[in-house]
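Colleague: This is the structure, below, for whatever I ask next.
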């Protein structure tokens, strides 16, 4: 068996590569683990816990921080606001963006390419450039500190994703199916709703999850436009630090509560993440 | 087929939405950037009847209503046209110079490390590793972590007395240079996984028989790289670079949560400076001018790369 040594060497190399991959993954996961570990500690244990703070081994974990956080009226209100704002913004962006994506994939305009890039370019704009106009306008019409203000701006931010990603999705669908429906007497609306949309549904759902995460995570406008009544989770976090000072257990607990929804939901869109985050440019 | 007025019904709502909620605000802030906007609060004291819980006036024994003093506050905003003064101010403002430097260092360092590390990780994970799907799934998690929450989370991690990185003895957040490094590390943590995922997808998109055919043709690894792997990878590297660049120049959340721009102004990015100028100090005109400078810089990059972007997305 002359090639056994080289086989074995390949095997050992593979084990080493695997260990390296696991080690790197652990490094990237560590901050999230640390959030969980700190959130589960008794406040008095925050700095006394040794090593990497494994629950049960290094300290007795408790759910008190999380329970306290979820039972304050402000915390609950922030969660509710986040959910209301995010879901509404996603619905609005899909409602506006899906037909536009379809139109840019099927109909002919003066230049479909340039219109698509025009939508895409909205994503590149620095949000601070529109912050002050939004702030002043909402203040003038009395919409500051209402969920409406946040729904409108978030829908605006995620709309380009919907248009650009789903246009690519519709382009990838065979247009013959819709054309057959059109020949059979369906209207364009019928072809869109009955033929194209059902076929695009997995991509639409995944895009929905990804833009949900983006809208949920939005902070600049959330902290500027939502002053007292309509703080979303990210804005709520920031406010707490200002008034309460540095209380690490609450910071970690709030960070955890804020992060869990977008992170978990995005996992459901795993298959589409590469496509979604590159706005359809790379197929994952 | 595929013509007719109805196509406008599909497209126009989204177009009008963008015009109304993006283009209009941009015109507004361009207008603001040519003005010196000052707020003045005018207070006026007036006597109004005191009301009880039902909204009826509370009466004195003699039948006349009890009065109370109410202070009416009104903010009067004054717009004074100053031409290009705000933009001139930018060039002489040391805060802006520092913010430009901070933003540039951040963008270059973060994007370079993320792409390099992402590429190396993609090659590592492109092997047949046991448990690869689980590891890949775990690597996705940081991408969607709320950035501002990540900032606070890393505040607890970079804590110099008793934090998990305390043993390094590095003044993570109290030293100006290290504070910027810390901001960069958070961005690297969050966005390396994105670069990694996209590069991995590109590598795995190379068909196996394609590679095998190439191996039959040549023994030279270099030739396989040049002829097979790089042509697949380079366009994707360009896309990732563009996307990361566009996001990185806007850096705000982590600055706002991890360092609040400090110590001093050592981590104050352009976005953060514009935000503070506008909504903390209410110097609306100047803040708009700063935001516009950033916008123009981004637009220049987009224009230079327009053909490239167009070939990818259209």
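Colleague: When you look at residue A:165, is it buried (at least 19 other Cβ atoms within 10 Å of the Cβ), free of Cβ contacts under 8 Å to residues at least 24 places away in the same chain and within 11 Å of chain B (Cβ to nearest Cβ), yes or no? Walk me through how you get there before you give the answer.
Modeller: Working: buried (at least 19 other Cβ atoms within 10 Å of the Cβ): yes; free of Cβ contacts under 8 Å to residues at least 24 places away in the same chain: no; within 11 Å of chain B (Cβ to nearest Cβ): yes.
When the stated conditions are applied, residue A:165 does not pass them.
Colleague: Would you mind finding the one in B:204, B:190 that is within 14 Å of chain A (Cβ to nearest Cβ) and out of contact with any helix residue (DSSP H, G or I) (no Cβ under 6 Å at 6 or more places or on another chain)?
Modeller: Working: B:190 fails: out of contact with any helix residue (DSSP H, G or I) (no Cβ under 6 Å at 6 or more places or on another chain).
Step by step, each of B:204, B:190 is checked, and only B:204 is within 14 Å of chain A (Cβ to nearest Cβ) and out of contact with any helix residue (DSSP H, G or I) (no Cβ under 6 Å at 6 or more places or on another chain).
Colleague: If I filter region A:246-284 down to residues being surrounded by fewer than 20 Cβ atoms within 10 Å (Cβ to Cβ) and part of a loop (DSSP other than H, G, I, E, B), which single residue comes out as farthest from the other protein chains (Cβ to nearest Cβ)?
Modeller: Of everything passing the filter in region A:246-284, A:247 is farthest from the other protein chains (Cβ to nearest Cβ).
Colleague: What do you reckon, is residue A:105 in contact (Cβ under 8 Å) with a residue 12 or more places away in the chain and within 14 Å of chain B (Cβ to nearest Cβ)? Give the derivation first.
Modeller: Numbers: in contact (Cβ under 8 Å) with a residue 12 or more places away in the chain: yes; within 14 Å of chain B (Cβ to nearest Cβ): yes.
So residue A:105 passes the test.
Colleague: Going through region B:5-26 one residue at a time, which ones are exposed (fewer than 12 other Cβ atoms within 10 Å of the Cβ) and more than 30 Å from residue A:192 (Cα to Cα)?
Modeller: none
Colleague: From the list B:294, B:245, B:300, pick out the single residue that is more than 8 Å from chain A (Cβ to nearest Cβ) and touching a residue at least 12 places away in the same chain (Cβ under 8 Å).
Modeller: So the residue among B:294, B:245, B:300 that is more than 8 Å from chain A (Cβ to nearest Cβ) and touching a residue at least 12 places away in the same chain (Cβ under 8 Å) is B:245.
Colleague: Considering region B:267-285 alone, what residues qualify as being within 18 Å of the chain's Cα centre (by Cα) and not in a helix (DSSP H, G or I)? Walk me through how you get there before you give the answer.
Modeller: Within region B:267-285, the first condition is being within 18 Å of the chain's Cα centre (by Cα), and the residues that meet it are B:267-279.
The answer is B:267, B:268, B:269.
Colleague: Given the structure, is residue A:175 more than 10 Å from chain B (Cβ to nearest Cβ) and surrounded by fewer than 24 Cβ atoms within 10 Å (Cβ to Cβ)? Can you show your working first?
Modeller: Working: more than 10 Å from chain B (Cβ to nearest Cβ): no; surrounded by fewer than 24 Cβ atoms within 10 Å (Cβ to Cβ): yes.
It is false that residue A:175 is more than 10 Å from chain B (Cβ to nearest Cβ) and surrounded by fewer than 24 Cβ atoms within 10 Å (Cβ to Cβ).
Colleague: So which of A:203, A:155 ends up being away from chain B (no Cβ under 13 Å) and in a helix (DSSP H, G or I)?
Modeller: Working: A:155 fails: away from chain B (no Cβ under 13 Å).
Checking each option against the conditions leaves just A:203.
Colleague: Continuing with the same structure: Picking from B:295, B:245, which residue would you name as being touching a helix residue (DSSP H, G or I) at 6+ places or on another chain (Cβ under 8 Å), in a helix (DSSP H, G or I) and within 28 Å of residue B:173 (Cβ to Cβ)? Step through it out loud before you land on a result.
Modeller: On the way: B:295 fails: within 28 Å of residue B:173 (Cβ to Cβ).
That would be B:245, the only listed residue that is touching a helix residue (DSSP H, G or I) at 6+ places or on another chain (Cβ under 8 Å), in a helix (DSSP H, G or I) and within 28 Å of residue B:173 (Cβ to Cβ).
Colleague: I would also like to ask the following. Residue A:100: within 12 Å of chain B (Cβ to nearest Cβ) and within 29 Å of the chain's Cα centre (by Cα), yes or no?
Modeller: Criteria met by residue A:100.
Colleague: What do you reckon, is residue A:140 assigned by TED's automatic domain parsing to the domain that holds residue A:220, crowded, with 21+ Cβ neighbours inside 10 Å and at pLDDT below 90?
Modeller: Values: assigned by TED's automatic domain parsing to the domain that holds residue A:220: yes; crowded, with 21+ Cβ neighbours inside 10 Å: no; at pLDDT below 90: yes.
No, not satisfied.
Colleague: When you go through B:241, B:252 one by one, which is the residue that is within 30 Å of residue B:128 (Cα to Cα) and within 17 Å of the chain's Cα centre (by Cα)?
Modeller: Details: B:252 fails: within 30 Å of residue B:128 (Cα to Cα).
Sole residue among the options that is within 30 Å of residue B:128 (Cα to Cα) and within 17 Å of the chain's Cα centre (by Cα): B:241.
Colleague: While we're on this one: Across region B:1-51, what is the total count of residues that are facing chain A (nearest Cβ under 7 Å), over 16 Å from residue B:292 (Cα atoms) and assigned to a helix (DSSP H, G or I)?
Modeller: 9
Colleague: Checking the conditions here, which among A:84, A:70, A:92, A:20 is touching a residue at least 60 places away in the same chain (Cβ under 8 Å) and either loosely packed, with under 13 Cβ neighbours inside 10 Å or within 11 Å of chain B (Cβ to nearest Cβ) (or both)?
Modeller: It is A:92.
Colleague: Can you pull out the residues in region B:157-187 that are within 11 Å of chain A (Cβ to nearest Cβ), more than 30 Å from residue A:276 (Cβ to Cβ) and without any contact (Cβ under 8 Å) to a residue 60 or more places away in the chain?
Modeller: The answer is B:159, B:161, B:162, B:163, B:164, B:165, B:166, B:167.
Colleague: Which one of B:103, B:77, B:69 is within 37 Å of the chain's Cα centre (by Cα) and not in a helix (DSSP H, G or I)? Talk me through it step by step, then tell me what you get.
Modeller: Values: B:103 fails: not in a helix (DSSP H, G or I); B:69 fails: within 37 Å of the chain's Cα centre (by Cα).
Result of the check over B:103, B:77, B:69: B:77.
The values are calculated or read from the model by the stated rules, or taken from the named source; none is laboratory data. Since the model is a prediction, treat every value here as computed from it, not as a measurement. We place every Cβ from the backbone using ideal geometry, glycine too, and count neighbours over all the protein chains shown.
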